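K.L.:
This is the structure I want to talk about, given as structure tokens.
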Amino acid sequence: MSSHLIVECLECGHQTQFHPRTYTCPKCDSPWREARYDYETIANGLTRKLATRPFDLWRYSELLPLRKSGEHIILGEGGTPLIPAVNLGMMLGCHNLFIKDERHAPTRSFKDRQAAITISALKEADITEAVIASTGNVAISYSAYAARAGIKLWVFLTSLVPAAKMREVALYGSQVIKVTGSYDQAKKIAAEFARQRNLYLDQGAKSILCIESMKTISFELAEQLTELLGPPQDAGSLGRTAWRSPDWYIQSVSGGMGPLGVLKGFEELQKMGMIQQVPKIAAIQTEGCAPMVHAWKLNQDSAMPIQSPRTLIATLATGDPGKTYTLLRQKMQAASGGIMESVTDEEAFRAMHFLAKMEGVSMEPAAGVAFAGLIKLVRAGVIKSQDVVVINCSGHTMPIERNILGESWSRDLIVPSQAMEDSGIEEGLLAALSKVAIDRFPRIAIVDDHPDVRRLIRRILQAQGNYTLFEAENGREAIELARKEHPDLIILDLMMPEMDGFSVLDALKSSSETADIPVIVVTAKELTTAEKERLKGHIQSLMQKGDFMSDELLDEVRALLR
């Protein structure tokens, strides 16, 4: 079908032309194959061509497995914003954090890239009916694009998928088959259904189309980071237009297809001489379903399947990643390295809560897993303060009300002996979110010479309770404020011009009017032993800037104001 690329078997090296209905290598029958392009020829003219193209997924057409531009199913995919995470970066002490905001995709998920490429290829090949298994977001994306293309879609969903997502799939006209069983069981049933009817079956990470779609994230990031931060310092060595790659790319992972495709994209940019290095990948799973993390930490080439995932985050409940883990591990080790790590559901929910209140970014739990992983890796010292880090933020779909669809919008399929208990998703989420009950209105003074830091601390407090807040930008103002307003608590920076925090503490403690006001010191300074001794007995708590999160600061505030 497409003549501008070849497909190479990863097992035996046999090369063939690409067609979406060719699932395996014709020589050795392996399903694991990869697309190859004429990178030298493409690189020579790519930059000039990009200058006249819109910033969307299709601007990289020479590196995609499609040929007929008129067959593209376009809903506005790709070209999603790259947002500096200023407040999160300040809290973590990392000032080059960026959010790749895939919520701007047509169905609010980065899976729209996968659906756009796959459904376009099916239309180009005159395929009119297809089958997929999904944990939610893929089904929504494919359903939207299949509806636009006039392709009938059979969707097999595990019963753990939230009902709102199922209803959204049905709204697009897809036939929903609800499988009371695990996602891995749903995949097997979908495969057998497609085999019996001779229908196209989406192969996930084994699909050329799926992997090729994910790499467009890499291309966009390289362009966006170059625009925001400039080209790398020794860009002249590249010999062509130099783009910048991040040091880290972080994504929550179910089966591993996303990072696998992103790595391929950066590898292709490196082959074309457009970037210097492939970034480290941080693949984050939820602890209740983390087969890849377990295998990674044991230095194993294969992941042991998890038969019964224990997580409320249904979109990440893939118990058997199969060979996807093996390939991802090999690519990570061959490139710049990286890590696979897990976080608890509760840590993901907490990250959701924090990002919404501190960055104005609302997300679903699967994306919260990636941000919880970021926080964990920064605290562990794996990610350094100077690193350029990009976090994939995806999956914020709109709920479809039950009464819009009426009855009989899905078919139930119960797998014997595998009936699952009620997951209690909503209750679990609500229980994990912090609840602050302020029965009085404490008065807090924030003292710091940096307005951004004052704003951040003020925002943390405002998000959690009805506090009366005062601000001072230097030591002299702080003393005057303390004498005039007598706040219930002072949050004090140590390093300020004219009069530093140590002098403010001395002045406060020397006056009977202010000596009893509790103080939390928040500082970026690495204190000497003598400085710590000087603070002893004068403050209630010492917190390092870049080493505290909002809940930790609030714990200190609550303890002092009880």
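K.L.:
Could you list the residues of the stretch 241-275 with an amide nitrogen less than 16 Å from a label point located 7 Å from the Cα of residue 228 in the Cα-to-C-beta direction?
P.N.:
Output list for this probe position: 243-251.
K.L.:
To make sure I understand the rule: partners must be aspartates and glutamates, Cα under 12 Å from the Cα of residue 187, and not fewer than 8 residues away in the same chain. Which ones qualify?
P.N.:
Reachable aspartates and glutamates: 202, 320.
K.L.:
Quick one: which of 357/509; 49/323; 188/297 span more than 31 angstrom between C-alpha atoms?
P.N.:
Values: 357/509 35 Å; 49/323 37 Å; 188/297 28 Å.
Table pairs above 31 Å Cα-Cα are 357/509; 49/323.
K.L.:
Can you give the convex hull volume per residue for the Cα atoms of the stretch 35-153, as a whole number of Å³?
P.N.:
Details: hull volume 18.0 nm³, N = 119.
Each residue corresponds to 151 Å³ of Cα convex hull volume.
K.L.:
Quick one: go through the stretch 89-115 and flag any residue whose amide nitrogen is under 18 Å from the point 7 Å out along the Cα-to-Cβ line of residue 53.
P.N.:
Zone members listed by number: 113-115.
K.L.:
Nearest 0.05, what FRET efficiency do residue 542 and residue 459 give at R0 = 30 Å with Cβ-Cβ as r? Can you show the working numbers first?
P.N.:
On the way: r = 22 Å, r/R0 = 0.72.
My answer for the efficiency is 0.85.
K.L.:
Gap in Å between the Cα centre of the stretch 471-514 and the Cα centre of the stretch 75-138?
P.N.:
Value for the Cα centre distance between the two parts: 48 Å.
K.L.:
Given +1 on the Cβ of Lys and Arg, -1 on the Cβ of Asp and Glu, and no further charges, what dipole in debye does the chain carry about its Cα centre, rounded to the nearest 20? Could you put the intermediate results ahead of the total?
P.N.:
Numbers: 62 positive and 69 negative charges, 294 e Å.
Rounded to the nearest 20 debye, it is 1420 debye.
K.L.:
Among the lysines, select those whose C-alpha is under 17 Å from the C-alpha of residue 123, and discard any that sit fewer than 8 residues away in the same chain.
P.N.:
68, 152
K.L.:
So which aspartates and glutamates can residue 100 reach, going by Cα to Cα under 15 Å and dropping same-chain residues fewer than 8 places off?
P.N.:
56, 77, 112, 220, 223, 227, 247, 359, 364
K.L.:
Moving on to the next point. What value, in deg cm²/dmol to 500, does the helix sum -39500 (n - 2.57) over DSSP H runs of n ≥ 4 give at 222 nm once divided by the residues of the chain? Before the final figure, lay out each step's value.
P.N.:
Numbers: 20 runs with 221 residues, N = 562.
For the chain, the value works out to -12000 deg cm²/dmol.
K.L.:
By residue number, which cysteines of the chain lack any other Cys whose Cβ falls under 4.7 Å from their Cβ?
P.N.:
Cysteines lacking a close Cβ partner in the chain: 94, 210, 289, 393.
K.L.:
Could I ask something else about it? So which of 111/206; 271/331; 376/536; 215/271; 178/206 end up more than 19 Å apart by C-alpha? Write out the running numbers ahead of the final one.
P.N.:
Numbers: 111/206 15 Å; 271/331 15 Å; 376/536 30 Å; 215/271 14 Å; 178/206 24 Å.
Listed pairs above 19 Å: 376/536; 178/206.
K.L.:
Could you give me the percent of Cα pairs per 10 Å distance bin for the stretch 178-318, shortest bin first, beginning at zero and ending with the bin that holds the maximum distance?
P.N.:
It works out to 11, 31, 29, 19, 8, 1, in whole percents.
K.L.:
Quick check on packing: order 312-320, 12-20 by the mean number of other C-beta atoms within 10 Å, highest mean leading. Don't jump to the answer; show the numbers that get you there.
P.N.:
Working: 312-320: 24.1, 12-20: 14.6.
My ranking of the peptides, most packed first, is 312-320, 12-20.
K.L.:
Taking the alpha-carbon set of the chain, what are its Rg and Dmax in Å?
P.N.:
26.4, 88
K.L.:
Could you tally the net charge around residue 482, taking each other residue with its Cβ under 13 Å from the Cβ of residue 482, Lys/Arg +1 and Asp/Glu -1?
P.N.:
Cβ neighbours under 13 Å give a net charge of -3.
All of the numbers you see were taken from the coordinates with simple rules; none came from a lab. Every value quoted in this text rests on a predicted model; they were computed, and no experiment measured them. Counting neighbours? That spans all protein chains shown, and the Cβs are built from the backbone with ideal geometry, glycine included.
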